[in-house]
Amino acid sequence: MDNKATASADHGVAAVSLRGITKTFGTVVANDHVDLDIRKGEVLALLGENGSGKTTLMNMLSGIYYPDEGQIFINGEEVSIQSPKDAFRYGIGMIHQHFKLVDVFTATENIILGLEEKGRLDRAAASKRIREICNTYGFQVDPDKTIYEMSVSQKQTVEIVKALYRGADILILDEPTAVLTPQETDRLFAVLRNMRADGKAIIIITHKLHEVQALSDRVAVLRKGAYIGEMMTKDTNPQEMTNMMVGHAVTLNIDRPEPKDPKPRIEIKGLTVTSPDGILQLDHVYFDIRAGEILGVAGISGSGQKELLESIAGLQRVESGQILYVKDDGKKEDLVGKDPLEIQHMGVALSFVPEDRLGMGLVANMDLSDNMMLRSFRDGRSVFTDRKHPHDLAEKVVEELEVNTPNVSTPVRRLSGGNVQKVLVGREIASAPKVLLTAYAVRGLDINSSYTIYDLLNKQKEKGVAVVYVGEDLDVLLELADRIVVLCGGRVSGIVDGRTADKNEVGMLMTRLGGIDREKQEEVQDLAE
């Protein structure tokens, strides 16, 4: 295959043609003279490593950014898209990873919000039209249901229906399956195939190559802001796609070494956590975390994963229960009621890679070196802060994890999301923890970077670290984890062996309401050993 290929001649009618699109942010060239065709009646997968310019390119098509150079043609006519409102006028709708919905409004109210209708607003007529759209494509959503009562997949459905209601014929979906169960992903794909059959042009941005193969008709690849080439999905495979994204051969295997003498490091007994507004987040949870093992945590978004890790790290108030840290001599100490600094002073080495990279993990306006220093500034033995060690550590993380940054003095806010994640994971692993807690450690990372992180986690496991990996991709969890705890609605619905578990079995446990009681939890934990 010719990696220097240019946008090919249309096999169908081009809904969108991008010609010479260039976008820069200061000295960074996000898109460099990109030519790309998007056709009616097809699903195009847009691939590339972090910082390759995928989202920036689609943001220009959806009116969030405006290109510095180049032309955009819609159905053969040149257009100027200067705002999302312009994009909607040309039939373009983008569904972002973070939904833009008002929680206290119904689906109908969110869908019609901001529309200029002649005469009095007719909610009944709007609701009827929404039901017609749902029936046409196979959506499952109640127009009268309030957003805060909906699951993540239902909220995503509302976003897609909102775009269709406003006349979108060109749909862009950014990481559409990031927080969906396998069953929800299958339903979404069925709907997208129906939309394709109806002549819609669909673009998906994703790092999940097995989903690219299952859904897309064509693949286009960006590398470092430039268009590299395209191929028909049926004529390629994940290895070839990855090599094209990275520019060289990449090994796509997750090693899973056998745990060596795994011993309990943390025992969680009856852990119950309630949010400040009284909502039960974790309900009498029982399981253990073992040294020299990777424990996967699966569950749909909002099942208690975040609260679980924050409780162990001393960042979350615990209502009841115990979090027992087992020392090397076998003695146990309860972490409940202690803050992170107290936990550290006990000799408990916890490293926490949080879900919110910039909100909790790093300081956006500080540079890489200073963010490294956040881990070590209390270690100084004088009134002066040691800046050499954090600077050296930043250099090491940048080199080993291939962080794309001008230098270690660059503010973190100027890095792409994937590079921010590399900095955070690298810093936490470098602190030599006894327990490493990770929440979505590869979220937003390209496949090459993700495999680097998997390798780092396995190296920690081999050193005897107890690793907890909260992840969204069940395929990865089943390849990486030794055991998997499944959460549903704040309760443990199952504990399975990562080597023998079935993806659909885990998916069903993720939606199993009610969970299992203490005795059953201990029983399934014994079976998973």
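Points to keep in mind about this one:
- Single match in 21, 74, 64 (criterion: within 22 Å of residue 195 (Cβ to Cβ) and among the β-branched types (Val, Ile, Thr)): 74
- Residue 175 vs. criteria in contact with a strand residue (DSSP E or B) (Cβ under 9 Å, 6 or more places away or on another chain), in contact (Cβ under 8 Å) with a residue 40 or more places away in the chain and on the phi > 0 side of the Ramachandran plot: yes
- Just one of the listed residues (48, 114, 53, 70) is in the same structural domain as residue 20 (by TED's automatic domain parsing), closer than 20 Å to residue 160 by Cα and among the small types (Gly, Ala, Ser), and it is 114.
- Every residue from segment 95-120 that is surrounded by 12 or more Cβ atoms within 10 Å (Cβ to Cβ) and touching a helix residue (DSSP H, G or I) at 6+ places or on another chain (Cβ under 7 Å): 95, 99, 101, 102, 103, 105, 107, 108, 110, 111, 112
- Whenever a residue of segment 125-144 is within 16 Å of residue 113 (Cβ to Cβ), its partners that are in a loop (DSSP other than H, G, I, E, B) and not hydroxyl-bearing (Ser, Thr, Tyr), lying with C-beta atoms within less than 6 angstrom and at least six residues away or across chains, give the pairs 127/143; 130/143.
- For segment 423-440, taking the residues that are assigned to a helix (DSSP H, G or I) and not charged (D, E, K, R), the one that is farthest from residue 245 (Cα to Cα) is identified as 430.
- Per the conditions (1) part of a helix (DSSP H, G or I); (2) surrounded by 15 or more Cβ atoms within 10 Å (Cβ to Cβ); (3) modelled with pLDDT of 80 or more, the sole criterion not satisfied by residue 408 is (1).
- Matching residues in segment 208-245 - criterion: being closer than 23 Å to residue 180 by Cβ, more than 21 Å from the chain's Cα centre (by Cα) and assigned to a loop (DSSP other than H, G, I, E, B): 217
- Residue within segment 484-499 that is surrounded by fewer than 17 Cβ atoms within 10 Å (Cβ to Cβ), of a type in the set (A, V, I, L, M) and either in contact with an Asp or Glu (Cβ under 9 Å, 6 or more places away or on another chain) or at pLDDT 85 or above (or both) present: no
- Test: residue 420 is of a type in the set (Val, Ile, Thr), closer than 24 Å to residue 223 by Cα and part of a helix (DSSP H, G or I): yes
- Matching strands (runs of 3 or more DSSP E) fully within segment 261-332 where at least 3 residues are within 26 Å of the chain's Cα centre (by Cα): 280-291, 293-298
- Candidate set from segment 11-47 (those that are surrounded by fewer than 22 Cβ atoms within 10 Å (Cβ to Cβ) and basic (Lys, Arg)); member that is nearest to residue 168 (Cα to Cα): 40
- Residues in segment 157-200 that are under 24 Å from the mean Cα position of the chain (by Cα) and closer than 17 Å to residue 39 by Cβ: 170, 171, 172, 173, 192, 193.
- Boolean, residue 466 is under 25 Å from residue 260 (Cβ atoms) and in contact with a helix residue (DSSP H, G or I) (Cβ under 7 Å, 6 or more places away or on another chain): no
- Candidate set from segment 156-185 (those that are part of a loop (DSSP other than H, G, I, E, B) and not small (Gly, Ala, Ser)); member that is nearest to residue 126 (Cα to Cα): 166
- Segment 215-236 residues that are surrounded by fewer than 18 Cβ atoms within 10 Å (Cβ to Cβ), paired with ones that are assigned to a loop (DSSP other than H, G, I, E, B) and among the polar types (S, T, N, Q) (beta carbon under 9 Å, 6 or more apart): 224/52; 224/404; 226/52
This table checks each residue for (1) modelled with pLDDT under 90; (2) among the aliphatic types (A, V, I, L, M); (3) more than 30 Å from residue 18 (Cβ to Cβ).
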residue	(1), (2), (3)
124	yes, yes, yes
142	no, no, yes
150	yes, yes, yes
183	yes, no, yes
191	no, yes, no
202	no, yes, no
226	no, yes, no
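- Residue match in segment 451-470 (condition: aliphatic (A, V, I, L, M), within 17 Å of residue 181 (Cα to Cα) and either out of contact with any Ser or Thr (no Cβ under 6 Å at 6 or more places or on another chain) or modelled with pLDDT of 90 or more (or both)): yes
The values are calculated or read from the model by the stated rules, or taken from the named source; none is laboratory data. Because the structure is a prediction, the values reported are computed rather than measured. Backbone-built Cβ (ideal geometry, glycine too); neighbour counts: all protein chains shown.
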